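The values are calculated or read from the model by the stated rules, or taken from the named source; none is laboratory data. Predicted model, so just to flag it, every value in this text is computed and none were measured. Ideal geometry is used to build each Cβ from the backbone, glycine not excepted, and the neighbour counts take in all protein chains shown. These accessible areas exclude ligands, DNA and RNA; they are computed on the full protein's heavy atoms, side chains included. Shrake-Rupley method; radii C 1.70, N 1.55, O 1.52, S 1.80 Å.
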Amino acid sequence: MKRYEYEDKFFSIEVTMTGIICIVTALVSLFFIFAQTMTFVFEIVLIVSIYQIMNTFFTNSNPKVVEVSDEELILSSYGRKDVYRLDEINSFKVRQIGTEKFYVRINKSSVYKGRYWITTNRMNDGKELADWIKEFELKIHPDSLKAQAIKSSKLYKEKKED
């Protein structure tokens, strides 16, 4: 089993600190809502803060550890572990942000499970993980428009080189 782990200092700042700031923001919002100051604005801020707190600490949306074997994909953080058998994954949708950040949705994703932000440049052997994510998506969805574009792009490059 290959283990990819988010570097501690980056995870603390980028994930944990964001969650803590959202907790403080939610508390400040509650104060202003009860003080009846700009209530509508602070209600929106409160909702966004709660959503981010849930994503950070309760839904495992930002996994600290990604483990990949021939049989399983395991994503974990803050004591929560989501385990997927690779042969039971029937949907693996990936949105790539830049070259190193991925938004991955697995099977029937919900608010509580199946949605993950994976920042590969902050993980050990991140390029290897990024390649695995892209290849696995093509394996699960070989007939998708994205897969066809990649295949045709490779064919185009090969023809151009000849």
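Summing +1 for each Lys or Arg and -1 for each Asp or Glu, what net charge is found among the other residues whose Cβ lies under 12 Å from the Cβ of residue 16?
0
What size of dipole, in debye to the nearest 20, comes out for segment 1-136 about its Cα centre when the only charges are +1 on Lys and Arg C-beta atoms and -1 on Asp and Glu C-beta atoms?
Working: 17 positive and 17 negative charges, 76 e Å.
With only Lys, Arg, Asp and Glu charged at Cβ, the dipole is about 360 debye.
Starting from the Cα-Cα distance between residue 149 and residue 18, subtract it from 0.36 nm times their residue separation and give me the gain in nm to one decimal. Please list the in-between numbers first.
Working: separation 131, 0.36 × 131 = 47.16 nm, distance 3.62 nm.
So the extension gain works out to 43.5 nm.
Output the pairs from 127/151; 2/139; 113/151; 64/127 with a Cα-Cα distance over 28 Å in this structure; if there are none, say none.
With Cα atoms farther than 28 Å apart: 113/151.
Which order do 38, 54 take when ranked by solvent-accessible area (1.4 Å probe, heavy atoms of all protein chains), largest first?
38, 54
How much of the accessible area of segment 36-149, probe 1.4 Å, is carbon plus sulfur, in whole percent?
On the way: 3610 of 6450 Å².
The value for segment 36-149 is 56 percent carbon and sulfur by accessible area.
Need one number for the chain: average projected area of the convex hull over its C-alpha atoms, nm².
Numbers: hull surface 48.5 nm².
Mean projected area for the chain: 12.1 nm², to one decimal.
With a cut-off of 8 Å between alpha carbons and a minimum separation of six or more residues, what is the relative contact order of the chain in percent?
In percent, rounded to a whole number, it is 20.
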